[in-house]
Structures are given as structure tokens and as C-alpha cells.
Amino acid sequence: MTDGWMGMIRRAARLALVAALLALPACGDDAAPETKAGRTESADHAGEPANGEAEHAGEDEHAEQGRVTLTEAAYRTAGIQVEPVVAEGVAAAGSGLQVPGQVEFEPERVAVVSPRAAGRIERLVVVEGDRVRAGQTVALISSREFLTAQNDLVQAVRRARVLAGTRDAAGADALADAARRRLRLLGVGDGALGRIASTGEIGALMPVPAPFSGSIVEARALAGQAVEAGTPLFTIADLSSVDVAAEVPERSMPLLRIGQRATITLAAYPALRFEGRVERLRDQLDPATRTVRAIIHVPNPERALRPGMFAGVTLDAPAEAALRTDAATLLVIPETALVTEGEARYVFVEVAPRTFERRAVEVEALSAPGSTVPAVGRVAVRAGLTAGERIAVSGAFTLKSEMGKAGFEHGH
């Protein structure tokens, strides 16, 4: 009985094992379609990245083309301004030779005022900064020589009157004329001579007159001071015209010529422009600065130009870019359109609304050779652009930043 039950249990176990073994292939078949389906689905999408990956791939390609597109809000916020590239005539494009200068007195219009006889200064009539007329008295001198010359004139005139009509009249007249000449040499005018001769009155003090109309730019003496003939009392200058000495580099000397037009600007009056011409060129080159001085004569009726002022000088001369081309025109763009990256220079060209393409360009200064002041604001384009293309002249660095951010995101 026991053996019978044990046998039945063994047979049941064997049947269960067989059933389990038979069930295994069926499970594998059920799983296989899923696995195959999974592989098939993966195969179908193997060449297609996920949505996010596709977008980044498209943006990477966009960045490689060197283009950037802004939203309307970003475009307005960046303050981007676009202008067309324009070809200008070589003469109009050139900025001339720009060099520093300094205002100076015109040598013919400056003089030292001094007495013509020894004496003592009794009174100084003017002070530094005063404007005077030609012949106006600027100082009064107590002088023995002046008194003697006046007495001699009075005596000579009286003698000539007494001897009039006699054989000694000619000699008496000659003595009177000599006395007048002596007083003229002391600075006495014809009016004062006539008064002394007619009235016999002698002035106690010798007047020192201004040689021409101008300004007292320096006072050199004090009242009560003993002076000799020729002792400087004042320096007077006529500032109705002045000289501007321009420091021209040695390499630019071939561009200089007498009569060359020049435009003068001052930091004190940036809105004013003064016109002049090169009057002379100094023969000596400054060994320290390697410059030669071009002296420009400039009318100064309003007296805005004052000796000692620093000035900017633009001499009419071909631009550096113009010297290297035979073309009649040059492409000129604002410096604000340029973006620098190492040695490279590029601009952003508008290719669609709010879409810009980065374009490498070759540019050159407009200043004439040797200009120590750059041609502010504009450069000549040698390659990379054509007339009529529209470029960003304001906000270029914003576009550069946006392009850089896109590249950074793609790199990660």
C-alpha cells in the first residue's frame, strides 16, 4: 500500500516536470515578439534623435553657418541699427593727415614795448590782459634825456623864428628839424611835436606808446623802477591772426606743401572749425620726436585761438587706404560695426528680418600715412562686403554674445 502511494506520487511529479518543460517554449515564443518589436521600433528610430536632440542638432548646424536669429523682443532690447554699405569717392572718404599742434603767436604780430631813453618809471598805464590801440600810452617815464630834447626843440624853433628871412634862416631851420627828429626817435608823435613847438610847453614825463593795436600779454616792470633805453616793460601781441605749429611725422613729409589747406579744432570749442594754410615748413627735424613743424597761418577774428592751446590739425592729404588703390571709390563703414576676435575682424550682415550672418572682412585705416590721430569713426573695407549689403552698425556685440551663448549650449 505504501509502495503504491509512493509510486503514484513519483508519477505525478514526473508529469508536473514534463508539463513545466513543455510550457517553457511557449513562454519564449510569447516574449520573442515583444523583443523583436522592441528591436524593430529601435531600428525604425535609430537614425532619428529624440525631439530635444533634433532641435540641438538643427541649432548646431545654424551656429556652424555663423548665423543668429533674434526674437522681436530681443531685437528691440539690443537696440540694433542696420545701415547699407555705401561706396564713397576717394576724396570724400579720406580723412586727411591728422596730427597734433599748438597755437603760437604770429612772429610779425608780437613785440616788446620798451622806453627809448633812460629814466625811472613813474606810472604804468596798462596791466597784463588789457587791449590797447596803436600809439596809446602804456607807461610814463621820468627822463632827463627827454626833457633836454624838448628844450632843444623849443630853443631851435624860437631861433628859427627870429632868424626868419635872414641868411642864417636855413641853418636855424635845420637845427629845429634835427630837434624834431630826436624827439621822434624817443617816441613822440607829430601831434605832440607840434604842440611843443607852438606853445613852448615841455612835458614832465615821457610817454611810452604801443607800437600797434593788440593785447598786453606780459608785464615785466614795476612803477618806480629805474630803466635803460630798451628795457622791456610789456609784451604786446595782435591776436587777430595766429600761427598753429603742427607736428608732422617724418614719414609724412612727402605729403606736405606750402599753401596746403588745414582745419584746426580745439578741445575747448569742439563745435568750432578754423581754416588756415601752411605758410612755412621748419627746416630742422626734431631728433627726439622725429617730427617736422608745419606752420599754419590761421585768421582769429574772435580771438578764440590763444597761444599755448593744444589743437588738432587735419591737413588735406590722401587717405592711407586711397593711396593703395586705383579705384575711384572706397567702401567705408562705421567702426561700431566691427567686431574683433583675435586678429580677425568681422561684421554682421542682415540676411533676413532679425537674422544676421557673421562675415569676415578686411579693413584698413582711413588716416593718411603718419597720422598720429586715427580717423575717428570709419574704416575702409578691402574685402568681405559689397555695396548695398545691410550690416549692423549698432548692437554688433550683442549679436556676438548671442552667437557665443548658442555655441556654448551646443557644446554641452
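May I ask you to list the residues in segment 96-109 that are crowded, with 19+ Cβ neighbours inside 10 Å and assigned to a strand (DSSP E or B)?
Matches in segment 96-109: 97, 98, 99, 101, 103.
Failed condition for residue 165, given (1) within 19 Å of residue 137 (Cβ to Cβ); (2) at pLDDT below 90, with all others met?
Status for residue 165: all satisfied but (1).
Counting only residues that are more than 43 Å from the chain's Cα centre (by Cα) and not in a loop (DSSP other than H, G, I, E, B), how many does segment 210-231 have?
2
Given the options 279, 335, 250, name the one that is over 30 Å from residue 222 (Cα atoms), modelled with pLDDT under 90 and not assigned by TED's automatic domain parsing to the domain that holds residue 361.
Residue meeting the stated conditions: 250.
Can you find, within segment 135-176, the residue that is nearest to residue 194 (Cα to Cα) among those that are touching a residue at least 60 places away in the same chain (Cβ under 8 Å) and assigned to a loop (DSSP other than H, G, I, E, B)?
Here the residue is 135.
Out of 293, 306, 280, which single residue is more than 25 Å from residue 142 (Cα to Cα), among the basic types (Lys, Arg) and part of a loop (DSSP other than H, G, I, E, B)?
Testing whether each residue is more than 25 Å from residue 142 (Cα to Cα), among the basic types (Lys, Arg) and part of a loop (DSSP other than H, G, I, E, B) leaves just 306.
For segment 161-181, give me each residue that is among the aliphatic types (A, V, I, L, M) and over 18 Å from residue 201 (Cβ atoms).
Those that are among the aliphatic types (A, V, I, L, M) and over 18 Å from residue 201 (Cβ atoms): 162, 163, 164, 169, 170, 172, 174, 175, 178.
Per-residue answers, yes or no, for (1) at pLDDT below 80; (2) among the basic types (Lys, Arg):
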residue: 299; (1), (2): no, no
residue: 305; (1), (2): no, no
residue: 310; (1), (2): no, no
residue: 344; (1), (2): no, no
residue: 348; (1), (2): no, no
residue: 359; (1), (2): no, yes
residue: 374; (1), (2): yes, no
residue: 381; (1), (2): no, no
residue: 406; (1), (2): yes, no
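Looking at segment 116-134, which of its residues are farther than 17 Å from residue 235 by Cα and either out of contact with any Leu (no Cβ under 6 Å at 6 or more places or on another chain) or of a type in the set (A, V, I, L, M) (or both)?
117, 118, 119, 120
Being small (Gly, Ala, Ser) and either in contact with an Asp or Glu (Cβ under 8 Å, 6 or more places away or on another chain) or modelled with pLDDT of 90 or more (or both) is the filter here; which residues of segment 168-193 pass it?
169, 170, 171, 172, 174, 176, 178, 179
Has segment 138-161 got at least one residue that is surrounded by fewer than 19 Cβ atoms within 10 Å (Cβ to Cβ) and aromatic (Phe, Trp, Tyr)?
No, because not a single residue in segment 138-161 is surrounded by fewer than 19 Cβ atoms within 10 Å (Cβ to Cβ) and aromatic (Phe, Trp, Tyr).
The values are calculated or read from the model by the stated rules, or taken from the named source; none is laboratory data. Predicted, not measured: the structure shown is a model, and the values here were computed from it. As a convention, Cβ positions derive from the backbone with ideal geometry for all residues, glycine included, and neighbour counts pool all protein chains shown.
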